[in-house]
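Scroll down for the structure; my scribbles are underneath it.
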Amino acid sequence: MRRRDALKLGLGAAATAAVAATLGSRALGQPSEDDGAAFKRLTIAPLDLELAPGVSVRTLAFDGIVPGPLLNRDAELTRLELRNETASDTVFHSPAFTEPLITIPAHGHARVRLRPSTVMRASLKPCSAYCAASGTIARGAVAVGTESDAGAGAFDQLHVLSIHRWGPRRVIRSEPFNDTVIAYDYASFNDKLMSASEPIRVRYGDCVRFHFSNAGAPRGVTLALPQHRFLVVALDGHRVPTPRYVERLYLGPGESIDALVKMNRPGRWILGTTHREDRIAGLGRLVEYAGASGPPVESEYGVANWDYTWFGAAAAARPMSGRVALPPLSLQTVRSQGLSDPRLFDPTPKTVPMPFKVSAGKRYQTSAIHFARDPQSLQLVGHEVELLGIAGQQTAGVRKDVLTLPGFTRVEFEFVAQTNELFLLHSRQVLLREFFLRRG
């Protein structure tokens with residue numbers, strides 16, 4: 001990344017060198033020849049990715065890197081040119097696009113408009129591509145907002161860490177589970193296993209900003225950095241009303257978190273997962289203070305105590321005038337081809353949900369009830385939602401692109417319909433999800 005490009009992100013001179021070192025070859029996309037600087041080009045193509053010496057996987061990648069390039073979402077960048085260099089149709093999706101889903105045929109291309117920026121500068125929106133023929137997903141091309149970053153706090157380094165899992169396989173579990181789950185051979189931050197990654201080098205007193213995103217469907221992940229705390233400042237690129245310190249972070253599939261960490265405990269620490277299987281698979285990075293020595297310290301195993309309402313504002317009375325109430329969604333887990341398959345049902349006994357009738361520009365309130373133990377992540381493609389409450393605990397101001405529902409919990413939210421056309425409500429557990437189109 002060039003110095004002036006880093007400065008455009010609003011990072012300031014103090015963070016420029018650190019950003020360049022972190023992002024490496026993730027340069028800006030190349031402009032389209034016939035449209036000048038108003039366009040940036042992203043190309044999706046197969047890639048043999050070396051996770052570590054002797055460990056390679058076949059995947060898809062934007063511009064040959066994982067995650068994809070960091071795009072500066074300035075006033076001039078209003079469109080992207082997407083090129084599909086695979087041998088089959090590929091579906092592109094990003095909350096940054098005005099069109100929520102774009103299908104591009106093999107060796108074809110299309111141009112998409114970017115939404116006007118409503119997020120903080122240096123907050124990131126992912127772009128994903130899914131090739132149904134191979135079942136392969138590419139993730140990580142990100143657009144950067146241009147709004148003022150006031151309130152997020154100054155920082156010395158920025159590290160963009162995308163969580164990926166590689167080599168899915170089915171595992172049959174015996175008593176007491178008696179089910180089939182998806183396991184993975186490898187897990188990584190970005191494109192390297194922990195054993196092959198360069199340390200994140202810090203100095204005492206540094207403030208480091210991390211952007212974490214969970215591209216590792218189909219399950220969530222808990223992250224920790226021993227002896228340090230995370231100050232959460234944004235969820236899915238939306239600044240939270242109440243930044244809060246937490247010991248651990250939890251990211252459901254498709255979610256992202258921006259957090260600040262004050263480096264005030266010299267040593268060598270492992271930033272990574274608290275899940276045993278993912279740690280063995282390689283998900284982690286060494287954080288090393290200048291002059292520190294000795295063996296690195298890992299966090300204890302366990303899951304995060306996590307609640308969106310921590311980061312919200314006090315809830316005020318919301319009159320229903322100007323809002324439309326929709327029936328609640330019921331999320332259940334049923335058996336399908338030996339896998340736990342999350343499906344959405346109407347409140348009626350029918351097995352196929354009825355479409356909701358919505359109109360562009362209107363605000364709708366609804367809720368989702370999750371009748372299973374494991375968390376489930378939902379997304380209204382092309383829409384952001386505002387959380388109203390979880391299990392009766394009311395809140396305000398928490399905006400999300402993806403909502404993760406705890407087990408056996410009711411979550412209330414509202415959204416503004418962006419279209420009268422078809423849009424998609426689906427589970428972010430990619431390998432397990434069931435799609436349902438909602439007709440406006």
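The values are calculated or read from the model by the stated rules, or taken from the named source; none is laboratory data. Owing to the predicted nature of the structure, the values given are computational and were not obtained by experimental measurement. Backbone-built Cβ (ideal geometry, glycine too); neighbour counts: all protein chains shown.
Would you confirm whether any residue within region 237-244 is assigned by TED's automatic domain parsing to the domain that holds residue 266, of a type outside the set (Val, Ile, Thr) and outside any strand (DSSP E or B)?
First, pick out the residues of region 237-244 that are assigned by TED's automatic domain parsing to the domain that holds residue 266: 237-244.
Those still in the list that are of a type outside the set (Val, Ile, Thr) too: 237-239, 241, 243-244.
Keeping just the survivors that are outside any strand (DSSP E or B) gives 237.
Within region 237-244, one or more residues are assigned by TED's automatic domain parsing to the domain that holds residue 266, of a type outside the set (Val, Ile, Thr) and outside any strand (DSSP E or B).
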Discussion item. Residues that are without any contact (Cβ under 8 Å) to a residue 24 or more places away in the chain, in a strand (DSSP E or B) and closer than 26 Å to residue 316 by Cβ: does region 246-269 have at least one?
Written reply: no
Worksheet, complete the sentence: When residue 226 is run through (1) more than 26 Å from residue 129 (Cα to Cα); (2) outside any loop (DSSP other than H, G, I, E, B), the failure sits at (2)
Worksheet item: Within region 417-439, is there a residue that is modelled with pLDDT under 90, of a type in the set (Asp, Glu) and over 17 Å from the mean Cα position of the chain (by Cα)?
Response: yes
Fill in: Some residue of region 290-307 being modelled with pLDDT of 95 or more, in contact with a Leu (Cβ under 8 Å, 6 or more places away or on another chain), crowded, with 16+ Cβ neighbours inside 10 Å and part of a strand (DSSP E or B)
no
Worksheet item: Could you count how many residues in region 366-407 are in a loop (DSSP other than H, G, I, E, B), surrounded by fewer than 17 Cβ atoms within 10 Å (Cβ to Cβ) and modelled with pLDDT of 85 or more?
Response: 3
Practice prompt. Go through region 268-280 and give me each residue that's surrounded by fewer than 22 Cβ atoms within 10 Å (Cβ to Cβ) and within 20 Å of the chain's Cα centre (by Cα).
Written response: 274, 275, 279
Fill in: region 277-307 - residue that is touching a residue at least 40 places away in the same chain (Cβ under 8 Å) and of a type in the set (Ser, Thr, Tyr) and, of those, nearest to residue 221 (Cα to Cα)
299
Item to complete: Tell me, yes or no, whether region 234-242 has at least one residue that is farther than 27 Å from residue 186 by Cα and surrounded by fewer than 18 Cβ atoms within 10 Å (Cβ to Cβ).
Response: yes
Item to complete: Go through region 169-189 and count every residue that is of a type outside the set (A, V, I, L, M) and either exposed (fewer than 14 other Cβ atoms within 10 Å of the Cβ) or modelled with pLDDT under 75 (or both).
Response: 10
Discussion item. Is it the case, given these coordinates, that residue 330 is modelled with pLDDT under 90, of a type in the set (Ser, Thr, Tyr) and on the phi < 0 side of the Ramachandran plot?
Written reply: yes
Fill in: Filter pass, residue 154 being at pLDDT 60 or above and surrounded by fewer than 18 Cβ atoms within 10 Å (Cβ to Cβ)
yes
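State which residue is modelled with the lowest pLDDT when the search covers only region 341-365 and only residues that are part of a strand (DSSP E or B) and over 23 Å from the mean Cα position of the chain (by Cα). Reasoning before the result, please.
We begin by selecting, within region 341-365, every residue part of a strand (DSSP E or B); these are 341-345, 363-365.
Subsequent filtering for residues that are over 23 Å from the mean Cα position of the chain (by Cα) retains 345, 363-365.
Values: 345: 42, 363: 91, 364: 89, 365: 89.
For region 341-365, the residue satisfying everything is 345.
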Fill in: Those residues of region 223-240 which are at pLDDT 95 or above and not aliphatic (A, V, I, L, M), in sequence order
226, 227, 228, 229, 230
